[in-house]
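Q: First the structure, which I've put down as structure tokens, then a few questions once you've had a look.
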Amino acid sequence: MRIVLIGFGTVGQSFVKLIDEGEDYLRNRYGLEFELVAVSDIIKGSVMDPEGLDKAELLKLVTKTGSIKSYSQNDSGFDSVESIRKSDADVVVEVSWTNLETGEPGITHIREALSLGKHVVTSNKGPIALAYHELNSLAKEKGVQLRYECTVMSGTPAIILGSEGLAGNKVMGFRGVLNGTTNFILSRMEQGATYESALKEAQGFGYAEVDPSADVEGWDAVGKTVILANTLMGARLKPLDVKRQGITGITVRDIEESKKRGGALRLVAEAWTEGSKVEAKVSPKTVDSRDPLARLSGALNALTITTEGLGDVTIIGKGAGGVETGHGIISDLIAIKRLSGH
Ligand SMILES: NC(=O)c1ccc[n+]([C@@H]2O[C@H](COP(=O)([O-])OP(=O)(O)OC[C@H]3O[C@@H](n4cnc5c(N)ncnc54)[C@H](OP(=O)(O)O)[C@@H]3O)[C@@H](O)[C@H]2O)c1
């Protein structure tokens with residue numbers, strides 16, 4: 001399977017490390033060989049080799065110099081769109097920045113790849129939250145696959161559970177804790193920390209960004225809620241359609257109140273059906289102590305999908321991290337091989 005990688009940050013580098021170190025296992029177990037034919041990153045540089053790039057050398061270079069511009073072969077300097085056009089690849093792995101307002105640059109990358117008849121695997125929430133239906137129709141028209149497992153709960157298989165595992169079961173709604181940073185902060189506050197000190201601790205562990213607003217104001221969870229509602233329930237929501245309240249106003253007193261009521265305060269992402277409409281919301285809520293979402297501590301994520309035939313099905317696991325996301329990308333690539341015979 002010939003791959004173009006767009007974005008060589010945390011996820012891009014973890015993915016390359018995993019396919020390099022796991023080469024024998026992936027060949028023996030799945031009959032899969034990954035040839036990395038191009039890597040394009042807006043600052044670190046772009047390189048291309050139809051014979052396959054040396055993954056270990058790329059990783060060594062980026063770790064040492066923060067760039068891949070001095071890679072030993074000289075077919076380089078293309079931007080991301082040129083890399084998709086010029087490389088003779090089967091799959092584009094799109095792991096550039098998420099932008100939940102415009103979906104760019106991801107939408108352009110994915111549209112370009114699908115138009116050229118290439119499969120796409122992405123962990124980028126922006127394009128899937130804003131343009132899933134358009135991009136999926138294009139994929140169908142071109143006879144290729146668009147896979148986005150890692151946009152929700154990273155490598156924990158939430159999307160494939162809802163779309164393939166539960167296929168044939170009507171999804172009536174879902175409830176989840178889909179943002180690890182806010183769950184970590186709320187869990188620490190349950191143990192007595194203030195919001196400010198819990199946030200600092202989350203930043204120290206690398207869970208929260210220096211600018212934590214996407215997490216603590218609920219936007220990250222909104223993006224994931226839209227993706228789940230649109231792809232599992234056939235909704236046509238945009239991020240602004242989701243009612244949103246983050247955790248910035250939560251105090252230790254609110255946490256105590258929830259405890260007194262026999263539950264735990266969580267940032268809950270949910271969607272439900274009202275007549276023929278799908279409604280969605282992200283907000284801090286007291287969940288009953290018997291609920292799997294209440295028992296979730298630290299940076300873990302959980303998702304309960306409510307189906308017509310099976311009732312509730314819950315999945316719990318890690319929701320972020322380069323390695324976790326890299327594994328999810330490999331699982332999408334294996335699914336492409338299985339379904340399209342690559
Ligand atoms: N990290 C996680 O745990 C996780 C989990 C699930 C999903 N995701 C999603 O996966 C994606 C990648 O995450 P990450 O943590 O790897 O982020 P990251 O470390 O910031 O990496 C993103 C990379 O994309 C590059 N980039 C941005 N625009 C580009 C363009 N137009 N062409 C080529 N490269 C471009 C950036 O370049 P420079 O930085 O060199 O400028 C950066 O190296 C994001 O969309 C994120 O939301 C991440």
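Q: For the chain, what does the relative contact order come out to in percent, with C-alpha contacts under 8 Å and a separation of six or more?
A: Taking the mean separation of contacting Cα pairs over the length of the chain, I get 18 percent.
Q: For the chain, take the longest principal axis of its alpha carbons; what is the angle in degrees between that and the long axis of helix 195-204, to the nearest 10 within 0 to 90?
A: 20
Q: Starting from the Cα of Leu310, step 7 Å along the direction of its Cβ; do the same at Lys170; then give the gap between the two resulting points in nm.
A: About 1.7 nm, to one decimal.
Q: Also: Roughly how many Å² is the accessible area per residue of the chain, as a whole number, for a 1.4 Å probe?
A: 44
Q: OK, next. As a test of reading the structure, rank His119, His327 by solvent-accessible area (1.4 Å probe, protein chains only), most first.
A: His327, His119
Q: How much of the accessible area of the chain, in percent, comes from carbon and sulfur atoms when a 1.4 Å probe is used?
A: Result for the chain: 49 percent of the exposed heavy-atom area is carbon or sulfur.
Q: So if I restrict to the alpha-carbon atoms in the chain, what is the Rg, and what is Dmax, the biggest pairwise distance, in Å?
A: 20.4, 65
Q: In vacuo Debye scattering of the range 256-342, one point per C-alpha: log10 I(q)/I(0) at q = 0.11, 0.25 Å⁻¹?
A: Reported log10 I(q)/I(0), two decimals: -0.48, -1.20.
Q: Here's a follow-up. Just from its helices, what would the mean residue ellipticity at 222 nm be for the chain, if runs of 4 or more DSSP H residues each count -39500 (n - 2.57) and the sum is divided by every residue, rounded to the nearest 500 deg cm²/dmol?
A: Calculated mean residue ellipticity at 222 nm is -12000 deg cm²/dmol.
Q: Return the subset of Lys64/Lys200; Lys125/Lys281; Lys125/Lys337; Lys260/Lys318; Lys86/Lys140 for which the Cα-Cα distance in this structure is over 25 Å, preserving the input order.
A: Lys64/Lys200; Lys260/Lys318
Q: To the nearest 10 degrees, how steeply does helix 106-115 sit against the main Cα axis of the chain, on a 0 to 90 scale?
A: 50
Q: Please give the Cα centre distance for the range 121-164 versus the range 198-227, rounded to the nearest Å.
A: Using only Cα atoms to place each centre, the spacing works out to 22 Å.
Q: Each residue of the range 77-83 in order: what ³J(HN,Hα) in whole Hz does its phi give by Karplus 6.51 cos²θ - 1.76 cosθ + 1.60, θ = phi - 60°, with x for Gly and Pro?
A: x, 6, 7, 4, 5, 4, 4
Q: Mind giving me the nanometre distance, one decimal, between the label points for Arg261 and Gln245, set 7 Å out from Cα along Cα→Cβ?
A: So the label points at Arg261 and Gln245 sit 1.0 nm apart.
The values are calculated or read from the model by the stated rules, or taken from the named source; none is laboratory data. Quantities reported herein were computed from a predicted structural model and do not represent experimental measurements. A quick note on method: Cβ atoms are made from the backbone with ideal geometry, for glycine too, and the neighbour counts reach across all protein chains shown. Each accessible area value is taken on the protein alone, full model and side chains, heavy atoms only, with ligands, DNA and RNA left out. Shrake-Rupley method; radii C 1.70, N 1.55, O 1.52, S 1.80 Å.
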